[in-house]
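All remarks here apply to the structure that follows.
None of the figures in this text is laboratory data; all of them are computed from the coordinates on show. Fair warning: this is a prediction, and the values are worked out from it, not measured in the lab. Note that we place each Cβ from the backbone using ideal geometry, even for glycine, and neighbour counts take in every protein chain shown.
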Amino acid sequence: MVVGAGQAGLSAGYFLPRFGVDDYILLDHYPGPGGAWSRRWPSLTLAAANHVHDLPGWGLHEALGEHCDQVPAADGVARYFGEYERRFAIPVRRPAHVSTVTRTGDADRPYAVTGIADGQEFTVRPAAVINCTGTWDRPFWPTVPGAGSFAGRQLHAHEYRAAEPFAGLTVAVVGAGITAVQLLVEIAAVADTVWFSRREPEWDDRPFDPDRGRRAVARVEERVRAGLPPGSVVSVTGLPLTEPMRRAREAGILAWNPMFRALGPDGVVLTDGTTRHVDVVLWCTGFRYSMDHLAPLGLRAPGGGIVMTGRLATEVAGEPRLHLLGYGPSASTIGANRAGREAARAVAELVG
């Protein structure tokens, strides 16, 4: 059983039958193809998105055409994933909501997966579980003193749709990742903006070549093999200083400020105790892994993460029939492809 039909889930679904596993299904809680990509803000194009890597066997440009870079990512990826499912006859059932995964004590069918599909409760006992549930459904909201007293609007990047509603307002953008800087530049075209984060962003104007990618993945893999939380990609790679970002820095849009210490009724309380008026706080503070359904398994290590093993660190230590894709080193579209192949191979070897 594969839980989730985004990039990682579809990759696993592609490879499972190629390694001899024909009895499998993907459960996806979204009503249609596209996974989390279908929920991205409309102005995010494929050109501006973090690179959407080709799924195995059929590329993005083959599906959407050579000049698809200006297609909204939400629409383009949903179309691509949907056509991919049909092209390779990947059995996706949706909407299917997985509630819990528990142990059965049976070596051949070690897990019981419960949930709701088509309004009906189900329980399935698969030979293995490949979990590909990502992070989009768990936006992280930091705890900030005075947040309840703020009279303006607060929203998470998860809810962001367009800059126009903020025209003429003062918007505080909080976060040090790629999403924060992308939305900051977009909103600055119609509003006054101010940028805050807990750590000062590190910019890198070097090309992100395969060697740098491998080094970044290796650092994340080292953490998950030790049972530590994976950390963010930007904490490893830094922010890419592209030409649009360089121009935004020169225009003063990307002027960084250390994190404010509290929120007040009228705005943010700065580190020196003064208040700076803002009308909106946009939290670009990332996401947590959507793995509550795995909580009954007690997978967390003392270090706060999950100890991962296997060739590409997809296998949960001590759980050879449980693979986590999109966690740690496989939390990228190209990483998800490799992890899908490896998890499918490992599962095929175990279940024959």
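For residue 104 paired with residue 301, estimate the spin-label separation in nm (one decimal), with each label point 7 Å from Cα along the Cα-to-Cβ line.
2.9
Given the rule -39500 (n - 2.57) for each run of at least 4 DSSP H residues, summed and divided by the residues of the chain, what is its mean residue ellipticity at 222 nm, to the nearest 500 deg cm²/dmol?
-8000 deg cm²/dmol
Go through 190, 162, 131 and say which Cα lies farthest out towards the positive end of the charge dipole of the range 111-191; charges sit on Cβ, +1 for Lys and Arg, -1 for Asp and Glu.
The residue sitting most towards the positive pole is 131.
Could you tell me what percent of the DSSP beta bridges with both partners in the chain are antiparallel, to the nearest 5?
Bridges in the chain are about 50 percent antiparallel.
Estimate the FRET efficiency between residue 198 and residue 247 by the formula 1/(1 + (r/R0)^6), using the beta-carbon distance for r and 25 Å for R0, to the nearest 0.05.
The calculated FRET efficiency here is 0.45.
Give, rounded to the nearest 20 debye, the magnitude of the charge dipole that the chain has about its Cα centre when Lys and Arg contribute +1 at Cβ and Asp and Glu contribute -1 at Cβ.
Around 640 debye, computed over the chain.
Can you give me the distance in nm between label points at residue 155 and residue 170, each placed 7 Å from the Cα along the Cα-to-Cβ direction?
Modelled inter-label distance: 2.0 nm.
Can you give the angle from 0 to 90° between the axis of helix 333-351 and the longest principal axis of the chain, with both taken from C-alpha atoms, to the nearest 10?
With rounding to tens, the tilt is 20 degrees.
Tell me, in nm to one decimal, what length is gained between residue 22 and residue 257 on full extension, where the rule is 0.36 nm per residue of separation less the Cα-Cα distance?
Roughly 79.2 nm would be gained on extension.
Say each of residue 61 and residue 215 gets a label point 7 Å from the Cα, pointing the same way as Cα to Cβ; how far apart are those two points in nm?
Result: 2.8 nm between the two label points.
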